[in-house]
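All remarks here apply to the structure that follows.
The values are calculated or read from the model by the stated rules, or taken from the named source; none is laboratory data. Note that the coordinates shown come from a computational prediction; the quantities given were computed from them, not determined experimentally. Cβ placement follows ideal geometry from the backbone for every residue including glycine, while neighbour counts extend to all protein chains displayed.
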Amino acid sequence: MNKRFCVAVALLMALVLEVRAQWDVQFTDYTALRSFYNPAVSGTDGLLNVTGVYSMQMVGYDGAPATMYVSADLPVYFLSPRHGAGVSLFNDNIGMFTTTKIAVQYAYNMKVGRRGRLAVGFQGGMLSEKIDPSGVKLETDNDPAFPKTQQDGNCFDLGAGLYYYHPKMWLGLSSQHLMAPVIEVGETNEVEVPRSFYLMGGCNIKLRNSLIFLQPSFLVQSDLDSWREDVQCKVWYEYEGRKFYGGLGYSPDTSVAFMAGGVFHGISLGYSYQMYTSGVGMVNGSHELVVGYQTDLDLFKKGRNRHKSVRWL
């Protein structure tokens with residue numbers, strides 16, 4: 001593997017441990033959801049990828065966040081293998097607030113070196129916010145800060161990213177909410193959406209035992225006012241075409257995560273638990289379930305340019 005890349009990853013991890021982050025939504029198994037953070041990932045591995053995730057955060061609290069995300073991306077071979085496209089649906093419920101986003105993605109990738117590729121991607125979609133106060137009890141009935149009836153609003157949202165990938169490594173830089181949109185909810189409420197920035201990368205490390213390899217990775221998230229960083233490492237075991245993994249993740253002063261899953265005949269299933277080390281405490285953690293499916297759609301390929309997916313490896 002590329003030793004210089006892994007040394008750079010290790011140095012970057014050490015640097016980002018000094019900062020903290022706030023962001024839109026935190027998924028524990030971020031390596032399985034790369035296209036959520038970076039539209040340039042869409043269609044880059046030459047496969048159809050369908051992914052669904054459901055996350056329950058801070059379990060045990062009334063109105064705790066519950067997030068659902070479904071996406072599909074694929075290469076657009078009728079144009080050329082360099083083009084990729086994707087579509088996604090996002091829904092997030094927190095108390096009386098519901099955020100929904102429907103988006104489409106486009107990516108163009110080009111060859112870099114012998115085996116690497118560099119992709120640039122864009123994402124556009126509709127972002128909506130709904131406020132439903134029907135289940136909220138207030139001490140003051142006439143509080144002007146809260147609407148009395150359900151209200152909603154929407155706006156256009158834009159994202160972009162760069163993504164370098166190689167069978168042994170990957171690195172991406174992206175931004176969501178590029179225009180920092182403001183959603184007008186009803187006549188008196190506004191929701192300001194700050195720009196978010198993401199830096200994500202990782203590599204595959206083969207061990208002497210050819211059936212086992214490591215996949216360390218990192219994710220840095222920021223809105224330029226606050227920061228969060230996550231590091232994790234998965235241990236993969238491959239036997240007779242089946243892959244299994246277990247992993248640990250860590251976010252300084254925030255949480256520790258545990259992950260387990262596998263890939264069987266193109267179907268992936270993973271479970272993660274994020275245990276908070278501050279704030280709500282260790283008991284009220286976050287549960288996350290990720291389900292995915294991959295298959296090759298290129299009916300015209302004859303084997304000589306066969307891709308190997310790095311989405312799950």
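Some observations on this one:
- For first residues located in region 54-66 and on the phi > 0 side of the Ramachandran plot, partners that are among the polar types (S, T, N, Q) and lie 6+ apart or on another chain with Cβ distances below 6 Å form the pairs Met58/Asn284; Gly60/Asn284.
- Selection within region 233-253 - in contact (Cβ under 8 Å) with a residue 60 or more places away in the chain, surrounded by fewer than 19 Cβ atoms within 10 Å (Cβ to Cβ) and of a type outside the set (Asp, Glu): Lys243, Pro252
- Lone unmet requirement of (1) at pLDDT below 95; (2) in contact with a Gly (Cβ under 9 Å, 6 or more places away or on another chain); (3) of a type outside the set (D, E, K, R) for Leu211: (2)
- Set Tyr108, Tyr69: member being of a type in the set (Ser, Thr, Tyr), surrounded by 15 or more Cβ atoms within 10 Å (Cβ to Cβ) and under 19 Å from Leu173 (Cα atoms): Tyr108
- Being within 19 Å of the chain's Cα centre (by Cα) and either modelled with pLDDT of 90 or more or closer than 30 Å to Asn154 by Cα (or both) is a property that Gly186 lacks.
- Some residue of region 198-213 being surrounded by fewer than 17 Cβ atoms within 10 Å (Cβ to Cβ) and under 20 Å from the mean Cα position of the chain (by Cα): no
- Qualifying residue in region 129-138 (condition: surrounded by 17 or more Cβ atoms within 10 Å (Cβ to Cβ), within 21 Å of Val41 (Cα to Cα), of a type in the set (A, V, I, L, M, F, W, C) and touching a residue at least 24 places away in the same chain (Cβ under 8 Å)): no
- Residue under evaluation Val263, criteria (1) part of a loop (DSSP other than H, G, I, E, B); (2) under 16 Å from Leu33 (Cα atoms); (3) hydrophobic (A, V, I, L, M, F, W, C), criterion not met: (1)
- Of all the listed residues (Phe27, Phe36), the sole one being aromatic (Phe, Trp, Tyr), modelled with pLDDT of 50 or more and either surrounded by fewer than 17 Cβ atoms within 10 Å (Cβ to Cβ) or assigned to a loop (DSSP other than H, G, I, E, B) (or both) is Phe27.
- Some residue of region 97-105 being surrounded by 15 or more Cβ atoms within 10 Å (Cβ to Cβ), more than 19 Å from the chain's Cα centre (by Cα) and in a loop (DSSP other than H, G, I, E, B): no
- When Asp253 is tested against (1) closer than 23 Å to Ser55 by Cβ; (2) modelled with pLDDT of 90 or more; (3) not small (Gly, Ala, Ser), exactly one condition is not met: (2).
- On inspection, Phe213 does not qualify as of a type in the set (Phe, Trp, Tyr) and either touching a helix residue (DSSP H, G or I) at 6+ places or on another chain (Cβ under 7 Å) or closer than 25 Å to Met68 by Cα (or both).
- Hey, Arg195 under 19 Å from the mean Cα position of the chain (by Cα), under 19 Å from Asn38 (Cβ atoms) and surrounded by fewer than 16 Cβ atoms within 10 Å (Cβ to Cβ) or not: yes
- Among the residues making up region 178-232, those that are in contact (Cβ under 8 Å) with a residue 24 or more places away in the chain, assigned to a loop (DSSP other than H, G, I, E, B) and not acidic (Asp, Glu) are Pro181, Gly186, Thr188, Val193, Pro194, Arg195, Asn204, Leu211, Leu224, Ser226.
- Index of the failed condition, Leu224 passing every other in (1) closer than 27 Å to Gly159 by Cα; (2) surrounded by 13 or more Cβ atoms within 10 Å (Cβ to Cβ); (3) among the hydrophobic types (A, V, I, L, M, F, W, C); (4) at pLDDT below 95: (2)
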